[in-house]
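Following: one structure in structure tokens, then a few remarks.
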Amino acid sequence: MICVIGSGPAAVACIAPFIKQGIKVRVIDIGHRLDETTTAQVSSLATQTPAQWSSSDISRLTQNKSLSYRGIPLKLSFGSNFPYRTPSFGMEYACKKVASLPSYALGGFSNVWGGAMLPYRAPDIATWPIDVEELAPHYEAVVNLTGLAATHDDLERYFPLYASHIHSLNMSTQAESLLKDLQHSREPLRHEGIIFGRSRLAFTPSVLEPQTKCQYCTLCMSGCPYGVIFNSSMLIKYWSASGAIQYVDQCIVETIRETGDDIVIKGRTTHGEMFEEHAQRVFLAAGLLPSTAIVLRSQDRYNEPVVANDSQYFLFPLLRFFGNDGVRREKMHTLSQIFIELFEVHEASHPVHLQIYSYNDLIYEKLQKTFRSLMPQSFLEKLVSRVLVVQGYLHSDDSAKIQMVLSKSSKNIDQLNVTPLAHSKTRLLVAQVLRKVGSLFPLLKGVPLSPLLYMGEAGRGFHSGGSFPMSNNPSMREADLLGRPWGYKRLHLVDASIFPSIPATTITYSVMANAHRIASSLTKENQ
Ligand SMILES: Cc1cc2nc3c(=O)[nH]c(=O)nc-3n(C[C@H](O)[C@H](O)[C@H](O)COP(=O)(O)OP(=O)(O)OC[C@H]3O[C@@H](n4cnc5c(N)ncnc54)[C@H](O)[C@@H]3O)c2cc1C
């Protein structure tokens, strides 16, 4: 039996090639999910048009009580924090000045992700033992699972559209007006090493009813009632219902050990009972922290530091010189609207990736909290019509690292201690990004509000990985090209824990492509 651990994006990308070959897979997962009452409310919304929704339903499903989490809102799913919820026993994660979190949900973090999908470029993964050509067919296969909303534009020269079919999405008026200004200054911006295009988003997944389309209901930041944004739980449910996989949830995997041709998975159910599974091969897709903890624990590697990479996350508002009226009533999607790639930031070793967001309720609530006592409501409305939010990422070579050490806590419980290892230039580089954006104010027709810059702690952008990086000649702290950590023949890590570095562009598309590559190369032998 082939076992896959987890049900997030890495897991489904790894499962797909087995299903294609008619090989049945057992999926072992913790699988927290939205409570039944909320699920019923969401299902009811999906049968109606946004105009038919009642305001009380919407306010309940879009409430976000986590507005204070480390400075910016933590994205919830229909008002629920289930994607971040951990069981009351088992592995503890002691994160000090690191904002990484594990997800124990059916669908993992794809319940709350932003759907942004841009592949890696060859120069940004030059130190990897595999190249972009090897990933290319798998990028294409992944789009067949996730769907992709995109357009043909300047991004394509650097970031191919690995898709035979793309969906189109309307832009918000704020984003349209910025894109128009960018296009007007295309040549001077290119001269500054700046390339831009419309965001590429994992929209309209393959298992969706064909007639389901984005309704521009503005709820993307709280959860899509129509399921138009890719969520890997959809595939798990679909495959499980069709009998293509066996999905076993409420199982917390603790160790995976090999003896000869047998591989043994041990753990506890969420009710505390021990379980044991035997498999022919195991694919571990539990996300960076859980996968690292499981490998260290399985090999009894206590008190041994392992170091992972992170792509520094930062965020700042861009105040445009002119506003767009009526943004609070506009029908639009509220995920990223525009991608901007900065190829020449003074001391950055790799390009910087920026995602532009136009109006959404979280921005409004944040501005309201910050400025309520300083300005009347009418001014706030004007301000919000001029504000865009820029979310930025640096390459991991320019970012802090994350150190993880497995130890026993004072209560004799296994604990993964997670701490940052600062990079001396990260702050300087982010300051250079802001200066560059600021210097282009006549072209962008806007200025960055630098005093409101938010620098995420390491891990806050959820673009981290590389505790066991792939290598041609793996040492004890590495994995081979099939994701096998040192000492294993039948255990394959297929999530970001095997990434040798983390380029600034989005991580999940490449995690999925790499998981698909590893599984594809092993399907034949398991037929
Ligand atoms: C708010 C937010 C927005 C994001 N936006 C984007 C974006 O726009 N673009 C992008 O590229 N990335 C984005 N990301 C990152 C993206 O969500 C992750 O890269 C992606 O989900 C990782 O997929 P994964 O399958 O490796 O792990 P996860 O999604 O973390 O899934 C882990 C799975 O493993 C299971 N599991 C964990 N531990 C165990 C265990 N011990 N036993 C059994 N099962 C276990 C869990 O139940 C879960 O199903 C975002 C993340 C967040 C939080």
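Miscellaneous remarks
- Hey, Leu178 away from the ligand (no atom under 16 Å from the Cβ), modelled with pLDDT of 95 or more and buried (at least 20 other Cβ atoms within 10 Å of the Cβ) or not: yes
- Val142 being within 15 Å of the ligand (Cβ to nearest atom) and either closer than 24 Å to Phe203 by Cβ or among the hydrophobic types (A, V, I, L, M, F, W, C) (or both): yes
- Yes/no for Tyr313 being open to solvent by 50 Å² or more (accessible area, probe 1.4 Å), aromatic (Phe, Trp, Tyr) and either more than 21 Å from Ser88 (Cα to Cα) or within 13 Å of the ligand (Cβ to nearest atom) (or both): no
- Complete set of residues in segment 1-10 that are away from the ligand (no atom under 12 Å from the Cβ) and open to solvent by less than 40 Å² (accessible area, probe 1.4 Å): Ile2
- Within segment 23-42, the set of residues being in contact (Cβ under 8 Å) with a residue 40 or more places away in the chain and more than 16 Å from the ligand (Cβ to nearest atom) comprises Ile23, Lys24, Asp35, Thr38, Val42.
- Sole exception among (1) open to solvent by 10 Å² or more (accessible area, probe 1.4 Å); (2) outside any helix (DSSP H, G or I) for Asp124, by number: (2)
- The set of residues in segment 345-367 that are modelled with pLDDT of 95 or more and open to solvent by 10 Å² or more (accessible area, probe 1.4 Å) comprises His350, Pro351, Tyr357.
- Selection from segment 444-468 of residues that are outside any loop (DSSP other than H, G, I, E, B), more than 26 Å from Gly90 (Cα to Cα) and in contact with a helix residue (DSSP H, G or I) (Cβ under 6 Å, 6 or more places away or on another chain): Val447, Pro448, Ser450, Tyr454
Rundown of residues vs (1) at pLDDT 95 or above; (2) surrounded by 23 or more Cβ atoms within 10 Å (Cβ to Cβ); (3) part of a helix (DSSP H, G or I); (4) within 12 Å of the ligand (Cβ to nearest atom), yes/no style:
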| site | (1), (2), (3), (4) |
| --- | --- |
| Pro87 | no, no, no, yes |
| Leu118 | yes, yes, no, yes |
| Ile130 | yes, no, no, no |
| Glu156 | yes, no, yes, no |
| Pro160 | yes, no, no, no |
| His165 | no, no, no, no |
| Arg190 | yes, no, yes, no |
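Rundown of residues vs (1) more than 10 Å from the ligand (Cβ to nearest atom); (2) under 15 Å from Leu493 (Cα atoms), yes/no style:
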| position | (1), (2) |
| --- | --- |
| Cys251 | no, no |
| Glu254 | no, yes |
| Thr259 | yes, no |
| Asp262 | yes, no |
| Thr269 | yes, no |
| Glu273 | yes, no |
| Arg281 | yes, yes |
| Ala285 | no, yes |
| Leu288 | no, yes |
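Yes/no per residue for (1) surrounded by 22 or more Cβ atoms within 10 Å (Cβ to Cβ); (2) touching a residue at least 12 places away in the same chain (Cβ under 8 Å); (3) within 12 Å of the ligand (Cβ to nearest atom):
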{"position": "Pro442", "(1), (2), (3)": "no, no, no"}
{"position": "Ser450", "(1), (2), (3)": "no, yes, no"}
{"position": "Ser467", "(1), (2), (3)": "yes, yes, no"}
{"position": "Asn472", "(1), (2), (3)": "no, yes, no"}
{"position": "Leu482", "(1), (2), (3)": "no, yes, no"}
{"position": "Ala513", "(1), (2), (3)": "yes, yes, yes"}
{"position": "Ser520", "(1), (2), (3)": "no, yes, no"}
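- The single condition among (1) modelled with pLDDT of 95 or more; (2) of a type in the set (Val, Ile, Thr); (3) touching an Asp or Glu at 6+ places or on another chain (Cβ under 8 Å) that Ile19 does not meet is (3).
- For segment 484-511, taking the residues that are in a loop (DSSP other than H, G, I, E, B) and hydroxyl-bearing (Ser, Thr, Tyr), the one that is farthest from the ligand (Cβ to nearest atom) is identified as Tyr488.
- Only one entry of Ser349, Ser358 meets the criterion of being touching a His at 6+ places or on another chain (Cβ under 7 Å), of a type outside the set (Phe, Trp, Tyr) and touching a residue at least 12 places away in the same chain (Cβ under 8 Å), and that entry is Ser349.
- Scanning segment 11-26 for residues that are outside any helix (DSSP H, G or I), on the phi < 0 side of the Ramachandran plot and surrounded by fewer than 22 Cβ atoms within 10 Å (Cβ to Cβ) yields Gln21, Ile23, Lys24, Arg26.
The values are calculated or read from the model by the stated rules, or taken from the named source; none is laboratory data. Everything quoted here is computed from the prediction, not taken from an experiment. Here Cβ is always computed from backbone atoms with ideal geometry, including for glycine, and neighbour counts include all displayed protein chains. Keep in mind that these areas ignore ligands, DNA and RNA; they rest on the heavy atoms of the full protein, side chains included. Shrake-Rupley method; radii C 1.70, N 1.55, O 1.52, S 1.80 Å.
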